[in-house]
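Chemist: Just dropping this structure here.
The values are calculated or read from the model by the stated rules, or taken from the named source; none is laboratory data. This one's a predicted model, so the numbers in the text were calculated from it and none came from an experiment. With ideal geometry, Cβ positions are generated from the backbone for all residues, glycine too; neighbour counts draw on all protein chains shown.
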Amino acid sequence: MSHVLSSIPEVRDFAEEIGRSGNWNGEALEGFVVRSTVCTPPTDGKARSDASPYAPGSSFFFKIKFDEPYMMYRDWREVTKSLLSRGESAKLPKNKMKRPETKIYVEWVRREIKNHPELFEGYTKGHGIISTRERFLDWLETEEGKRGKKKAETEEEVSQTSDKTYGKTIIMPIAVPGVGASTLPLLGVVGSI
């Protein structure tokens with residue numbers, strides 16, 4: 001699919017709107033590839049430092065990537081590769097396990113690897129990544145998937161309503177620009193009081 005816009009501000013507005021909604025024409029998007037043409041810079045008799053390094057009229061491509069769902073999909077890919085390379089004993093990074101969808105994905109992909117290892121034969125070489133994601137998203141729409149997602153979301157809510165109370169936090173610099181690492185003892189402490 002393609003969509004034609006006539007200016008960079010229009011592209012920016014369009015991309016921001018899609019980034020907020022997360023989909024275009026009913027389909028979830030990770031981003032866009034924008035194809036444009038380098039225009040002739042205006043001439044006002046002065047040398048311009050912001051002139052394009054590309055010749056006027058040449059094609060110019062760039063990508064617009066949205067943080068979500070791209071970052072979640074990336075987490076899924078890295079978690080799957082870790083499970084494939086290290087097996088069931090793989091220690092999954094906590095920072096990858098923040099989203100409820102990722103927690104249920106890990107349970108699902110562990111079962112898939114165990115029950116259908118042939119589907120993951122080329123995964124670590126970049127084969128089957130999108131089809132695995134699509135299979136999971138399809139599974140998520142089933143009754144079992146909906147129950148799993150609801151359970152993961154409930155667990156997330158419970159873990160966020162912690163009864164820990166924090167006092168004041170003091171953050172102190174341990175170095176300033178120009179201080180060499182060899183002359184720097186640990187000067188500061190970060191903590192709660």
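Chemist: Search region 80-94 for residues that are touching a residue at least 12 places away in the same chain (Cβ under 8 Å) and pair each with any residue that is part of a loop (DSSP other than H, G, I, E, B) when their beta-carbon atoms are under 6 Å apart and the residues are at least 6 apart or on different chains.
Modeler: Leu83/Ala90
Chemist: Continuing with the same structure: For the subset of region 115-126 comprising residues that are surrounded by 10 or more Cβ atoms within 10 Å (Cβ to Cβ) and part of a helix (DSSP H, G or I), which member is farthest from the chain's Cα centre (by Cα)?
Modeler: Within region 115-126, the match that is farthest from the chain's Cα centre (by Cα) is Pro117.
Chemist: Which residue is surrounded by the most Cβ atoms within 10 Å (Cβ to Cβ), if the candidates are limited to region 95-111 and must be closer than 20 Å to Gly148 by Cα and free of Cβ contacts under 8 Å to residues at least 24 places away in the same chain?
Modeler: Lys96
Chemist: Could you look through region 1-58, keep only residues that are of a type in the set (Phe, Trp, Tyr) and within 27 Å of Ile130 (Cα to Cα), and pick out the one that is modelled with the highest pLDDT?
Modeler: Among those residues, the one meeting the criterion is Phe14.
Chemist: Which ones in region 7-37 are surrounded by 15 or more Cβ atoms within 10 Å (Cβ to Cβ) and of a type in the set (A, V, I, L, M)?
Modeler: Answer for region 7-37, where residues must be surrounded by 15 or more Cβ atoms within 10 Å (Cβ to Cβ) and of a type in the set (A, V, I, L, M): Val11, Ala15, Ile18, Leu29, Val34.
Chemist: All but one of (1) without any contact (Cβ under 8 Å) to a residue 60 or more places away in the chain; (2) under 19 Å from Leu140 (Cα atoms); (3) assigned by TED's automatic domain parsing to the domain that holds Trp139 hold for Leu29, so report the exception by its number.
Modeler: Among (1) without any contact (Cβ under 8 Å) to a residue 60 or more places away in the chain; (2) under 19 Å from Leu140 (Cα atoms); (3) assigned by TED's automatic domain parsing to the domain that holds Trp139, the lone unmet condition for Leu29 is (3).
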